[in-house]
Every structure is written in C-alpha cells, then in structure tokens.
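One structure is given below, encoded as structure tokens.
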C-alpha cells in the first residue's frame, strides 16, 4: 500500500510540474502582451467568418503559424515572417493548427486579396489550383437562373461555370472570405518587445490569478 501512495504522489507531482511549465508559466509571460502595432480588431463580419472557418474544420488542414526562416522555408513559400504573441491578441480561441495538408493562411489576405478569387476557390478549388485536394463547398453557394439585386455572383472560369446558371455566394461564404482576406500580418514587428519582464510581485499575483482560474 505504501508503494501505491508513493506512485500516486509522484504522479501528482509530475503532473503539477508539467502543468506549471506548460500552462502557468507561459500564461504569466503572455498575459500582458499587447496587440502587435498594425494589428486591427476583427470586424463583425470577420468574426462571423471566423466561426464558419471553425465550423468547416479549416484548421484541420491549414495552419496560421509560419515558422522562422532559420527553421523552415516558409518565408520563401510566401507565407510571411514568423508570428509573435501579439499577432494573436484578438484570437479566441487561437487557430494555430497542427497540420499543413494545405498552405499556411497566416497571410492569405496579403497573398490573395481578391474576393472573387477566394469565392471561386471555395466553390471549386481545382478551377484555380490544378490538382488541389481541397474539398469544394458548393452548399455555401446557390445556383440561380438570374441574379437578383444585391447578389454576389461568383465569376468562375468558363469550363467550371454551370451552363445556363449563375453561382451566387451565400452570406456564410461572404463572411468566410471576409475573414480570410483579413488575415494579413505583413506589418513589421519587434520580437524582442513582445515579452515584457514581470516583476516578482506581478508574477506572484499572476500565479495566484491563474491558480483560481481567473481570466483576463
């Protein structure tokens, strides 16, 4: 029985140390990081599009975290600089992603700022990127005989346009594209200015706040 108590105590201590190292300390470091200069809050439409992005599972195939030039050729791929903590100030939850079945989208708004391109790409990716394995999302669009006033018609390449019909984007497609175009982090940043040095008193206060589950 004594060995079981020792095993349980050791497991609890190990879990506590891991939690402190991976959760509490990073929280204390990043809790006071301000938004990066040049970063703008999401608009109401972009926030709706972000919810569509999550619901459609886009983060399962796309990341939003280019790696440093010293670690990978992400910059040469056109994905932009490595991010800093302040770039994610308005992201709740963060959508860093863990897989790159598709390209990184941290700066897709700078690479593809065209609403028409993004809408067409959602409707039929292979019309714009031959050989793409990205699924199409036709349910986010509507086929009509004639566009109504206020409709956003998707201008597809002739070989992909439905005969005798027009493709009209639904609101969810427009919102998603607004979010994607808003992903533009090409402003300059100073990585060294992102992690402020906390005083011992502030660090202790943050540790207490974290322990009781307070949220800023």
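FYI, it's all coordinate maths here, none of it is from the lab. Computed from a prediction, not measured in an experiment: that's the story for all the values here. Glycine gets a Cβ as well: all are built from the backbone with ideal geometry, and neighbour counts include every protein chain shown.
How big, on average over all directions, is the shadow cast by the Cα convex hull of the range 1-127, in nm²? Mind showing how you got there, number by number?
Numbers: hull surface 47.8 nm².
Average projection, Cα convex hull of the range 1-127: 12.0 nm².
Averaged over all directions, how much area does the convex hull of the C-alpha atoms of the range 45-95 cover when projected, in nm²? Kindly include the intermediate steps, with their values, before the conclusion.
Numbers: hull surface 16.8 nm².
Mean orientational projected area (the range 45-95, Cα hull): 4.2 nm².
Starting with the fewest neighbours, write out 44, 124 ranked by other beta-carbon atoms found within 10 Å of each beta-carbon. Please list the in-between numbers first.
Working: 44 9, 124 21.
By the 10 Å Cβ count, ascending, the order reads 44, 124.
Please rank 108, 54, fewest neighbouring Cβ atoms within 10 Å first, as an exposure proxy. It would help to have the intermediate numbers written out before the result.
On the way: 108 21, 54 12.
Fewest-to-most Cβ neighbours within 10 Å comes out as 54, 108.
Quick check: convex hull of the Cα atoms in the chain, volume per residue, rounded to a whole Å³? Provide the component values of the computation, followed by the final result.
Values: hull volume 41.2 nm³, N = 216.
For the chain, the hull spanned by Cα atoms encloses 191 Å³ per residue.
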